[in-house]
Amino acid sequence: MKIAVCIKRVPEMDVRFKIAPSGTSVDETGLKWDMSDFDGYAVEAALQLTEKLGNGEVVVVTVGPDAAQETLRKALSMGVTRAVHLKVDAIPFDNFAIARALATELQGGGYDLILFGKMSIDSSNGAVGPITAELLNLPCVAAASKLEIANGKGTARRELEGAAELLEFPLPAVVSIDEGVARPRYPSLKGIMAAKKKPLEVKPAQLGDLRMTVSTMALPPDRPPGRILGEGVAAVPELVRLLQTEAKVL
Amino acid sequence: MANNILAFAESRGGDLRKVAYEAVTAARALADATGGEVHAVVAGPSGITAKAGALGTYGADAVTVVEHPAFADYNPEALAAFVAERAKGGGYRVVVLIASAQGKDLAPRVAGKLGVPLASDLTTIRLDGDKVVGTHPVNTGKVIATVTLTANPAVVSLRPGAVTAAEKPRTARIETAAPAGDPAASRVKVTQTIAGNTAKLDLGDAPVIVSGGRGLKAAENFKLVEELAAAFGNAAVGATRAVTDDGWRPHSDQIGQTGRQVSPNLYVAVGISGAIQHLAGMRTSKTIVAINKDPEAPIFKVADYGIVGDVLEVVPALTAAVKAAKGH
Ligand SMILES: Cc1cc2nc3c(=O)[nH]c(=O)nc-3n(C[C@H](O)[C@H](O)[C@H](O)COP(=O)(O)OP(=O)(O)OC[C@H]3O[C@@H](n4cnc5c(N)ncnc54)[C@H](O)[C@@H]3O)c2cc1C
């Protein structure tokens, strides 16, 4: 079983972002970076699948600047076999361009399964996986919350609004991973040491034209400061009064 | 430059969904700006054609319907092929979908087939000369990106509820069409649609959400949250990841960065600390109420109204007061 996982380096979200002087991106000063959350689930899912089958190879691929190699090394330290860095100066917002670069790399790679996170936690488009599948003409399931592979066939579950659907598909296929499939493991010390010697190949990313760009980035208006109305049951009548007269939601 | 707008009208189980009217409403506003027409596409099992006329009420000039038994469940490959074929045939300026669970799967497939990027989950959309400009929350809603599309056509998905369906009635021309290829031959097949509790209001539709966290202490105490939701009458129940992890509630109830993103008129946070990943799913709610015993809990920073206290005491009192206010 040969699995590719496409991952992205993103800023950690537990901060107050500032906008860069250009006005078209966030200020990167002082940000910490990591693998996008859902991509971590996808790496874990790939590792569990190959471990269960007792054979196979997991390859991680990223489009990103030089610093994205840290993210690839993290995946290698989790147990991934090798990594491919498709190099760009800055990650474009155009998801078709990213999908094109990934499809160019993945085409003819002999992968049984190509996994993605269901979306990157920074740009939150959720489009690169399914567009890559279209470019490779492979069956695709987006945002799978369960995934099983057996006998050359996959089954998955997707959450809908107040419902869910079960799907079946042949391999090779593209699947993007929702939370629920697998929690990512922490790299072990041994894993971190081993990762230093694992192959990491660098190539230029074949993006093509960019037809979707960010023209401005801005912070959303602050919520007006809240009010603590009081303590315990005694504050309930005031809350109900405000919900009726001020918020008008009751 | 083409002036017409294509809207995808979502259906499930043979009925149009609310988001179908949102897609047509958004497309109508764009077509009014270009002076063009709104063409909607609908796919479903036999009988769906009878529902198509309703799209005229929201401003569709024409509706193309494909009826096929293989469209009884969501059929991603056949549906994407059909929408892409219509989009290519008509020379459209913009193709509008809604980023519902189905739309999130369908929209990037359509974009891929048309060879263009997808502007996802937009909260606003407008035309700017030959460009399409939209806003899109990024970085878990902490930053708003304004996105410019120069692709032709521009394929966009709008956040559910970002546009309120509004009537602009006309008599839509209804045409039936054949599917693009054999829909029964799709490689990806939905083998089962598991209906949730249909009596239950979906988190995306509910004007009020009462959400519970680990402060409730035990799964049984979630009934306090359910009773408060029932007192409001128009409320759905949500939860934090701490609670879904412990199995007190299903994952589908989870609100936050890795769960549902909601913006109800009223969000009541019961025993929820207000972790950044939870706030990512509810900070755009119109009014936020928090009940927590810790006055330093971060949830109070985003709450319009807070009560410091034990949820096991405050929530039953609030339920009684809401019932009284509602006159029952
Ligand atoms: C990658 C990642 C993704 C995540 N995604 C999500 C997500 O999508 N959604 C989500 O919710 N979380 C998510 N989390 C988890 C998040 O960080 C928090 O751990 C979680 O939201 C906490 O849930 P809680 O508020 O129920 O529990 P806690 O943080 O334990 O808070 C319980 C609160 O209850 C209060 N309390 C206790 N007893 C009482 C009482 N008797 N009366 C009143 N108040 C009381 C306490 O003061 C406390 O503030 C994610 C975490 C990570 C790392």
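The values are calculated or read from the model by the stated rules, or taken from the named source; none is laboratory data. Remember, predicted model here, so these are calculated numbers, not experimental data. Reconstructed Cβ throughout: ideal geometry from the backbone, glycine too, with neighbour counts over all protein chains shown. For the accessible areas, the whole protein counts, side chains as well, though only heavy atoms, and no ligand, DNA or RNA atoms are used. Shrake-Rupley method; radii C 1.70, N 1.55, O 1.52, S 1.80 Å.
Out of the residues in the range B:12-34 that are small (Gly, Ala, Ser) and surrounded by fewer than 21 Cβ atoms within 10 Å (Cβ to Cβ), which is farthest from the chain's Cα centre (by Cα)?
So, considering only residues that are small (Gly, Ala, Ser) and surrounded by fewer than 21 Cβ atoms within 10 Å (Cβ to Cβ), the one farthest from the chain's Cα centre (by Cα) is B:Ala33.
Of all residues in the range B:285-300, which are open to solvent by 10 Å² or more (accessible area, probe 1.4 Å), away from the ligand (no atom under 12 Å from the Cβ) and either more than 8 Å from chain A (Cβ to nearest Cβ) or of a type in the set (D, E, K, R) (or both)?
Passing the criteria: only B:Lys286.
Give the residues of the range B:264-282 that are over 21 Å from A:Ala235 (Cα atoms) and more than 7 Å from chain A (Cβ to nearest Cβ), sorted by residue number.
Selection gives B:Pro264, B:Ala275, B:Gln277, B:His278, B:Leu279, B:Ala280, B:Gly281, B:Met282.
Limited to the range B:283-321, what total is found for residues that are out of contact with any helix residue (DSSP H, G or I) (no Cβ under 7 Å at 6 or more places or on another chain) and among the small types (Gly, Ala, Ser)?
Here the count works out to 4.
Could you please give the count of residues in the range B:272-284 that are under 20 Å from the mean Cα position of the chain (by Cα) and within 8 Å of the ligand (Cβ to nearest atom)?
Final tally of qualifying residues: 4.
Would you say B:Ala275 is open to solvent by less than 10 Å² (accessible area, probe 1.4 Å), under 27 Å from A:Arg16 (Cα atoms) and of a type outside the set (D, E, K, R)?
So B:Ala275 does not fit the description; no.
Every residue in the range B:42-53 that is among the small types (Gly, Ala, Ser), crowded, with 18+ Cβ neighbours inside 10 Å and not in a strand (DSSP E or B), please.
B:Ala52
Inside the range B:105-132, can you point out the residues that are more than 7 Å from chain A (Cβ to nearest Cβ), open to solvent by less than 20 Å² (accessible area, probe 1.4 Å) and either farther than 28 Å from A:Glu165 by Cβ or within 14 Å of the chain's Cα centre (by Cα) (or both)?
B:Leu106, B:Ala107, B:Leu122, B:Val132
Can A:Ala247 be described as in contact with a Leu (Cβ under 8 Å, 6 or more places away or on another chain) and within 26 Å of A:Ala20 (Cα to Cα)?
No.
Among what's in the range A:159-177 and is facing chain B (nearest Cβ under 8 Å) and not in a strand (DSSP E or B), pick the residue that is surrounded by the most Cβ atoms within 10 Å (Cβ to Cβ).
A:Glu161
Scan the range B:195-250 for residues that are within 12 Å of the ligand (Cβ to nearest atom), in a loop (DSSP other than H, G, I, E, B) and buried (at least 17 other Cβ atoms within 10 Å of the Cβ) and jot them down.
Across the range B:195-250, the qualifying residues are B:Gly213, B:Thr240, B:Trp248, B:Arg249.
Which one of these is among the small types (Gly, Ala, Ser) and open to solvent by 10 Å² or more (accessible area, probe 1.4 Å): A:Ser22, A:Ser36?
When all the criteria are applied, what remains is A:Ser22.
Which of the residues that make up the range A:142-166 are in contact with a helix residue (DSSP H, G or I) (Cβ under 8 Å, 6 or more places away or on another chain) and under 30 Å from B:Leu203 (Cα atoms)?
The answer is A:Ala142, A:Ala143, A:Ser145, A:Leu147, A:Arg158, A:Glu159, A:Leu160, A:Glu161, A:Gly162, A:Ala164.
I'd like the full set of residues that are touching a Phe, Trp or Tyr at 6+ places or on another chain (Cβ under 9 Å) and either open to solvent by 60 Å² or more (accessible area, probe 1.4 Å) or near the ligand (Cβ under 7 Å from one of its atoms) (or both), limited to the range B:301-328.
Passing the criteria: only B:Lys326.
With respect to B:Gln261, is the statement that it is at the interface with another protein chain (Cβ under 9 Å from one of its Cβ atoms) and either under 29 Å from A:Lys118 (Cβ atoms) or within 12 Å of the ligand (Cβ to nearest atom) (or both) true?
Criteria not met by B:Gln261.
Note down all Cβ pairs under 7 Å where the first residue falls in the range A:29-58 and is at positive phi, the second is crowded, with 23+ Cβ neighbours inside 10 Å, and they're at least six residues apart or on different chains.
Final answer for the pair search is A:Gly56/A:Ile3.
Out of the range B:177-188, which residues are buried (at least 18 other Cβ atoms within 10 Å of the Cβ) and facing another protein chain (nearest Cβ under 9 Å)?
Across the range B:177-188, the qualifying residues are B:Ser186, B:Val188.
Search the range B:281-296 for residues that are assigned to a strand (DSSP E or B) and pair each with any residue that is within 12 Å of the ligand (Cβ to nearest atom) and among the aromatic types (Phe, Trp, Tyr) when their beta-carbon atoms are under 6 Å apart and the residues are at least 6 apart or on different chains.
B:Ala290/B:Phe300
Please go through (1) closer than 25 Å to B:His136 by Cβ; (2) in contact with a helix residue (DSSP H, G or I) (Cβ under 7 Å, 6 or more places away or on another chain) for A:Val233 and return the number of the only condition it doesn't satisfy.
It fails just one condition, (1).
Looking only at residues in the range A:200-234 that are over 21 Å from the mean Cα position of the chain (by Cα) and among the polar types (S, T, N, Q), which one is surrounded by the most Cβ atoms within 10 Å (Cβ to Cβ)?
Ranking the candidates gives A:Thr216 first.
From the list A:Leu229, A:Leu147, which residue is assigned to a strand (DSSP E or B) and either β-branched (Val, Ile, Thr) or away from chain B (no Cβ under 11 Å) (or both)?
A:Leu147
Residue by residue, here is whether (1) away from the ligand (no atom under 11 Å from the Cβ); (2) at pLDDT 95 or above; (3) surrounded by 14 or more Cβ atoms within 10 Å (Cβ to Cβ) holds:
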position: B:Arg159; (1), (2), (3): yes, no, yes
position: B:Lys168; (1), (2), (3): yes, yes, yes
position: B:Glu175; (1), (2), (3): yes, yes, no
position: B:Asn265; (1), (2), (3): yes, no, yes
position: B:Val270; (1), (2), (3): no, yes, yes
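When the range B:64-104 is examined, which residues are found to be under 22 Å from the mean Cα position of the chain (by Cα), more than 13 Å from chain A (Cβ to nearest Cβ) and in a strand (DSSP E or B)?
Across the range B:64-104, the qualifying residues are B:Val94, B:Val95, B:Val96.
So which of B:Ala325, B:Ala236 is without any contact (Cβ under 8 Å) to a residue 12 or more places away in the chain and of a type in the set (A, V, I, L, M, F, W, C)?
After applying the criteria, what remains is B:Ala325.
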